[in-house]
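Some notes on the structure that comes next.
The values are calculated or read from the model by the stated rules, or taken from the named source; none is laboratory data. Worth saying up front: this structure is predicted, and the values here are computed from it rather than measured. As a convention, Cβ positions derive from the backbone with ideal geometry for all residues, glycine included, and neighbour counts pool all protein chains shown.
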């Protein structure tokens, strides 16, 4: 069975602060994929990153960075110098090989001006 | 990049009517399509998976007679909510994939359904 836990239901930060969104996953597959999506108030899902289980390199894309720790089954997401436009619900998801997506419950991030 | 178009984006209708939502892959062939439902402040829950030309596979607890899914072509899947009631009000999101299970899955922008 697959499962994703996002322990932070809601986070509020002030603009320019750094914020880390936690994600812990469970899967029995040795090959799996991890994802982060952003869902702004308009509702559409915005793809942020996909990482496969064999690639533990951390990734940075602009103000976004991801820390994949296989030993702790975590795939945390950090936004540096947050902006008001970052306000959204962020979903972490896991998909085992041949399996369907399983989304976490989401973390609602509010960035205050 | 791959685009999935969902229509309509918003629909309001009276209780008892049936509502059809379309999901189209615009620049790739969607051999598999997925329908998700998202209630307010909750996560996305998979309702069903459909392969082109085959009957949809429904997740446990999803009524197949209530939520009719048709995936008649490689670029179009439809979800029909039959005899909709207020409790069916939700955000419905489709997703499409070209090829095997490890291919990227692309999401539509969702349809907000409100039943009065």
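Some notes on this structure:
- Residues that are within 14 Å of another protein chain (Cβ to nearest Cβ) and within 21 Å of residue A:7 (Cα to Cα), drawn from region A:48-74: A:48, A:49, A:50, A:51
- Restricting attention to region B:72-100, the residues that are at the interface with chain A (Cβ under 9 Å from one of its Cβ atoms) and over 19 Å from residue B:44 (Cα atoms) total 1.
- For region B:21-116, the strands (runs of 3 or more DSSP E) that sit wholly inside it and include 2 or more residues that are farther than 23 Å from residue A:95 by Cα and at pLDDT 95 or above are B:67-73, B:76-81, B:111-115.
- Condition met for residue A:43 (exposed (fewer than 14 other Cβ atoms within 10 Å of the Cβ) and on the phi > 0 side of the Ramachandran plot): no
- Selected residue (only one of A:50, A:28, A:63 is exposed (fewer than 13 other Cβ atoms within 10 Å of the Cβ), in contact with a strand residue (DSSP E or B) (Cβ under 9 Å, 6 or more places away or on another chain) and more than 24 Å from residue B:41 (Cβ to Cβ)): A:28
- The residues of region A:75-105 that are crowded, with 20+ Cβ neighbours inside 10 Å and more than 14 Å from every other protein chain (Cβ to nearest Cβ), listed by number, are A:75, A:77, A:79, A:82.
- For residue A:108: the one exception among (1) modelled with pLDDT of 95 or more; (2) within 16 Å of the chain's Cα centre (by Cα); (3) more than 13 Å from every other protein chain (Cβ to nearest Cβ): (3)
- Filter result (surrounded by fewer than 21 Cβ atoms within 10 Å (Cβ to Cβ), under 12 Å from the mean Cα position of the chain (by Cα) and part of a loop (DSSP other than H, G, I, E, B)) within region A:7-25: A:7, A:8, A:22
- For region B:38-65, a tally of residues being more than 12 Å from chain A (Cβ to nearest Cβ) and under 19 Å from residue B:5 (Cβ atoms) returns 2.
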